[in-house]
Amino acid sequence: MSAQHLVAAIESCIMLMTFAFLYLKLVPGLRLVTFRQEMFAVRDELFDYAAAGNIRFSDPAYRLLRQSMNGYIRYAHQLTFFRLCLIAIERKTFGVEEKTTWHDKWRSSLANITNPETRDRLCEFHTRSNVLAIRRIVNGSPLLLSGVMAVAFTFVIREGWHDTKRVINRAAEVALSKIVDTNSIEEDAAASAVA
């Protein structure tokens with residue numbers, strides 16, 4: 001091996017180590033900050049919607065939705081695929097029952113809203129916050145990301161390529177729901193916001 005080849009090999013190793021450092025140390029922090037900022041933006045839109053007089057701040061649906069978003073923001077660093085798998089294993093191993101208290105309250109609070117436009121808008125805020133959470137989980141796991149791509153590919157074959165964003169979001173939700181109950185993610189987020 002000549003000196004030029006040795007120098008090129010050392011430079012390549014240094015570049016690979018630099019790239020690995022950037023990818024493993026900086027990208028997760030950037031993903032966390034980005035998720036929180038996006039969730040803050042959705043929560044701010046919800047606040048503006050209520051401030052415009054469309055719903056009372058004391059309304060149970062508003063409060064529950066805000067509680068869920070606050071939980072996502074506060075515990076975003078714990079919102080990972082690995083942690084969800086551990087929680088699912090723990091629940092199955094020790095027979096811990098899935099909690100549905102938040103979802104039960106959410107459904108009943110939506111039923112009490114008489115204006116269908118307000119109900120639809122609150123459901124839109126709810127969906128947006130859940131999509132952000134699911135995207136955070138999926139983008140943090142190469143294994144889950146490859147599963148989402150496989151599911152998205154089957155959706156495209158079965159239904160056709162109409163709306164890229166809808167296909168990918170639906171694929172992420174389906175892939176994640178095969179492993180863990182997606183409702184439990186929100187249940188845990190809402191419970192942690194109260195604690």
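Sort largest first and round to whole Å: the equivalent ellipsoid semi-axes of the range 1-84, each the square root of five times a Cα gyration tensor eigenvalue.
On the way: eigenvalues 472, 33, 6 Å².
The equivalent ellipsoid of the range 1-84 has semi-axes of 49, 13, 6 Å.
Can you order the peptides 43-53, 12-22, 170-180 by their average number of other Cβ atoms within 10 Å per residue, highest first? It would help to have the intermediate numbers written out before the result.
Values: 43-53: 13.8, 12-22: 10.0, 170-180: 17.8.
Ranking the peptides 43-53, 12-22, 170-180 by packing returns 170-180, 43-53, 12-22.
Can you work out ³J(HN,Hα) from phi for every residue in the range 143-152, in order, using Karplus 6.51 cos²θ - 1.76 cosθ + 1.60 and θ = phi - 60°, giving whole Hz and x for Gly and Pro?
Once rounded to whole Hz, the list reads 5, 5, 4, 5, x, 5, 4, 5, 5, 4.
With everything on Cα atoms, drop me the angle between helix 164-177 and the longest principal axis of the chain, reported from 0 to 90° to the nearest 10.
Around 90 degrees separate the two axes.
Report, in degrees rounded to the nearest 10, the 0 to 90 angle that the Cα long axis of helix 60-74 makes with the longest principal axis of the chain.
20
Using R₀ = 45 Å, calculate the FRET efficiency as 1/(1 + (r/R₀)^6) where r is the Cβ-Cβ separation of Val156 and Ile89; round to 0.05. Before the final figure, lay out the partial values.
Details: r = 32 Å, r/R0 = 0.71.
The calculated FRET efficiency here is 0.90.
For the chain, take the longest principal axis of its alpha carbons; what is the angle in degrees between that and the long axis of helix 27-51, to the nearest 10 within 0 to 90?
Result, in degrees: 20.
Contour minus end-to-end for Met15 and Glu117, with contour as 0.36 nm per residue of separation and end-to-end as the Cα-Cα distance?
Details: separation 102, 0.36 × 102 = 36.72 nm, distance 5.43 nm.
Additional length available on full extension: 31.3 nm.
Taking the alpha-carbon centroid of each part, what is the distance from the range 76-117 to the range 1-59 in angstrom?
26
Put a dot 7 Å past each Cα toward the Cβ at Ser2 and Thr80; how far apart are the dots in nm?
Going by the 7 Å Cα→Cβ label model, 4.6 nm.
How long is the chain along each principal axis, judged by its Cα atoms, biggest number first, in Å?
79, 42, 35
So if I place +1 on the C-beta of Lys and Arg and -1 on the C-beta of Asp and Glu, and nothing else carries charge, what would the dipole magnitude of the chain be about its Cα centre? I want it in debye, nearest 20. Write out the running numbers ahead of the final one.
On the way: 24 positive and 20 negative charges, 27 e Å.
I would put it at about 120 debye.
Place a label point 7 angstrom from the Cα of Leu145 along the Cα-to-Cβ direction, then list the residues of the range 174-191 whose backbone nitrogen is under 20 Å away.
Inside the label zone: 174-180.
Read-outs: derived from the displayed coordinates by stated rules, not from any lab. Everything numeric here is computed off the predicted structure, so don't read it as measured data. Using ideal geometry, Cβ is built from the backbone for each residue, glycine included, and neighbour counts are taken over all protein chains shown.
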